[in-house]
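**Q** Encoded as structure tokens, here's the structure I'll be asking about.
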Amino acid sequence: MTANTIQARQLLFAAQVILAGVILSGPVAVAVVEFLAPQPAWQDATTLISHYSWIQSSPYVFGFLIAVGFLFLMSVLVDVALDAHRPLARAALAFTAVSASLIFFNYTLQTAFVPLWLHRSPSAVSMVTMANPDSLGWSLEMYGYGLLGIATACAAPVFEPQGRRRLIRLFLILNCILSVIGAVLVPIIPGWVLTPWGMVAGAFWNILIAVTMIMIMVEFRQQHTTG
């Protein structure tokens, strides 16, 4: 990988956007929702409607930052990749684009379709809301992030296996394993995402991505400063 000062700044910015999305859509937004407008465990659309608040859309609003940040990150990696790694970097960008389309569609459903149709068609809302562990929303979410995992595995070789970049490379591959397993489990174990161990897996994913982005920020902040 050869990144000039401008590219190092772009990588730094992309990692900052992703990190902000992970923190704001994860612990911050979830804590706010649980404190101000908690939604009980899924029962039916009637229960959802009676406990619904616009605040419950906040995790998905901030989730857009993750998809946007990864699109930008993969775009820059195509530019900085060595010739031997550029085809994989392009594949990473392609997988990220497909992933982002699924994630954007899902978060559009959660932030616009669900509140608009809440009192018009409860049955339609129950099919897409992520309050329902067996909904279309969770299928889009897990398959979208599964594809993002494949993208991070394709991007991993762009980082040389030495120093801090070795860990970045390893964590990107680990994200692929975790994300693909999560997607595969969706049709095999219905509703697993909102089980206790599913919540633990989600928290681990957030920590993994956050640490990876922090390492990228440290790595390229130094290059940006010294470049």
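**Q** Test Q56 against the stated conditions and say whether it is open to solvent by 20 Å² or more (accessible area, probe 1.4 Å) and under 21 Å from the mean Cα position of the chain (by Cα).
**A** Considered against the rule, which asks whether it is open to solvent by 20 Å² or more (accessible area, probe 1.4 Å) and under 21 Å from the mean Cα position of the chain (by Cα), Q56 comes out as yes.
**Q** Among (1) more than 19 Å from A91 (Cβ to Cβ); (2) touching a residue at least 12 places away in the same chain (Cβ under 8 Å), there is one condition I189 misses while meeting the rest; what is its number?
**A** (2)
**Q** To continue, here is another question. State yes or no: is R120 open to solvent by 10 Å² or more (accessible area, probe 1.4 Å) and either outside any helix (DSSP H, G or I) or farther than 25 Å from F171 by Cβ (or both)?
**A** yes
**Q** Taking into account only those residues within the range 155-172 that are open to solvent by less than 20 Å² (accessible area, probe 1.4 Å) and assigned to a helix (DSSP H, G or I), which is farthest from L93 (Cα to Cα)?
**A** Ranking the candidates gives I168 first.
**Q** Can you find, within the range 1-53, the residue that is surrounded by the fewest Cβ atoms within 10 Å (Cβ to Cβ) among those that are polar (S, T, N, Q) and touching a residue at least 60 places away in the same chain (Cβ under 8 Å)?
**A** T2
**Q** Pull out all pairs, ordered by first then second residue, where Cβ-Cβ is under 8 Å, the residues are six or more apart or on different chains, the first lies in the range 160-185 and is touching a residue at least 24 places away in the same chain (Cβ under 8 Å), and the second is outside any helix (DSSP H, G or I).
**A** E160/M1; R165/M1; R165/F159; I168/F159; L172/F159
**Q** Keeping to the range 116-159, report how many residues are in contact (Cβ under 8 Å) with a residue 60 or more places away in the chain, over 27 Å from A97 (Cβ atoms) and of a type outside the set (A, V, I, L, M, F, W, C).
**A** Residues that pass the stated criteria total 6.
**Q** If I ask for residues that are crowded, with 17+ Cβ neighbours inside 10 Å and not in a helix (DSSP H, G or I), which ones from the range 68-97 would you list?
**A** Once the filter is applied, which keeps residues that are crowded, with 17+ Cβ neighbours inside 10 Å and not in a helix (DSSP H, G or I), the range 68-97 yields only A81.
**Q** Which one of L65, L109 is of a type in the set (A, V, I, L, M), open to solvent by 50 Å² or more (accessible area, probe 1.4 Å) and in contact with a helix residue (DSSP H, G or I) (Cβ under 8 Å, 6 or more places away or on another chain)?
**A** L65
**Q** Here's another thing I want to ask about it. Just the residues that are more than 12 Å from the chain's Cα centre (by Cα) and open to solvent by 20 Å² or more (accessible area, probe 1.4 Å), please, taken from the range 133-153.
**A** Within the range 133-153, P133, D134, L136, W138, S139, I150, A153 meet the criteria.
**Q** Right, V184: of a type in the set (V, I, T) and closer than 30 Å to Q43 by Cα or not?
**A** Yes.
The values are calculated or read from the model by the stated rules, or taken from the named source; none is laboratory data. These numbers were taken from a predicted model, which means no experiment stands behind them. Every residue, glycine as well, gets a Cβ built from its backbone with ideal geometry; the counts of neighbours run over all protein chains shown. SASA here: full protein model, heavy atoms, side chains in, ligands and nucleic acids out. Shrake-Rupley method; radii C 1.70, N 1.55, O 1.52, S 1.80 Å.
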